[in-house]
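Worksheet: one structure, shown below.
The values are calculated or read from the model by the stated rules, or taken from the named source; none is laboratory data. Since the structure is predicted, the reported quantities are computational estimates derived from the model, not experimental observations. Neighbour counts run over all protein chains shown; Cβ positions are idealised from the backbone, glycine included. The area values use the complete protein model at the heavy-atom level, side chains included, leaving out ligands, DNA and RNA. Shrake-Rupley method; radii C 1.70, N 1.55, O 1.52, S 1.80 Å.
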Amino acid sequence: MREAIRLAREGIDQNKGGPFGAVVVKDGVIVGRGNNRVTSSNDPTAHAEVVAIREACRQLNTYQLTDCVIYTSCEPCPMCLGAIYWARPKAVYFACTKSDASAIGFDDSFIYRELDLDLHQRKIPMIPFLREEALSVFKAWEMKSDRIEY
């Protein structure tokens with residue numbers, strides 16, 4: 001956890017992004033490190049947890065982190081939480097809470113509220129379009145005999 005906190009501090013000292021850091025650990029060894037790089041990389045998905053997960057997956061040559069633990073300097077936002085669930089680590093430890101983050105201007109509660117709304121009620125319009133055409137790709141996936149399950 002101290003390395004995640006150190007990375008958070010390093011990130012703000014180097015103006016990489018917000019005050020967040022994360023590490024992925026396997027068998028007591030750090031295999032992925034990340035700090036928030038949203039503003040320095042112009043990438044809204046470059047949150048500390050996502051950066052650390054990407055690095056760990058590259059290092060381990062896998063798309064799942066089932067034997068790993070994630071340490072993050074703050075409770076994960078909805079996007080990072082989704083990435084964490086897809087990565088499937090054994091556990092996540094966090095330091096600051098989402099309330100702590102909200103108190104300094106990083107409030108994700110609006111995203112949680114948006115997820116509960118019907119599509120037509122969301123602030124960003126979510127409009128279904130060409131579903132039947134896209135379903136053909138799903139059907140092709142379903143029939144693909146050499147697909148890699150995840």
Quick one: if you stick a label point 7 Å off each Cα along the C-beta vector at Glu10 and Thr66, how many nm between them? 3.1
What is the percent carbon and sulfur in the accessible area of the chain, measuring with a 1.4 Å probe over the protein chains and ignoring ligands? 56
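Give me the percent relative contact order of region 21-127, please, defined on Cα pairs under 8 angstrom at least 6 residues apart.
21
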Projected label distance in nm at Tyr93 and Lys144, using a 7 Å step from Cα toward the beta-carbon: 3.8
On a straight-distance basis, which lysines could pair with Lys98 in a cross-link, Cα separation under 29 angstrom, same-chain partners fewer than 8 positions away excluded? Lys16, Lys26, Lys90, Lys123
Give, rounded to the nearest 20 debye, the magnitude of the charge dipole that region 1-61 has about its Cα centre when Lys and Arg contribute +1 at Cβ and Asp and Glu contribute -1 at Cβ. 60
Solvent-accessible area per residue for region 1-139 (1.4 angstrom probe, square angstrom): 65
If every Lys and Arg gets +1 and every Asp and Glu gets -1 at its Cβ, then about the Cα centre region 3-125 yields a dipole, in debye to the nearest 20, of 240
For the charge dipole of the chain, defined by +1 on Lys and Arg C-beta atoms and -1 on Asp and Glu C-beta atoms about the Cα centroid, which residue among Tyr63, Ala91, Gln14 has the Cα displaced farthest towards the positive pole? Gln14
Identify the residues of region 57-79 with backbone N under 16 Å of a label point that sits 7 angstrom from the Cα of Ala134 along the Cα-to-Cβ direction, or state none. none
Expected unfolding gain across Thr39-Asp100 under the 0.36 nm per residue rule, minus the alpha-carbon gap, is 19.9 nm
With Cα Rg over 2.2 N^0.38 Å as the read-out, I listed (i) 1.11; (ii) 1.20; (iii) 1.04; which label goes with the value calculated from this structure? (ii)
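What is the packing order of peptides 108-120, 8-20, 127-139, taking the mean over residues of other C-beta atoms within 10 Å and listing the highest first?
8-20, 108-120, 127-139
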The cysteines in the chain that find no other cysteine Cβ closer than 4.7 Å to their own Cβ are Cys57, Cys68, Cys77, Cys80
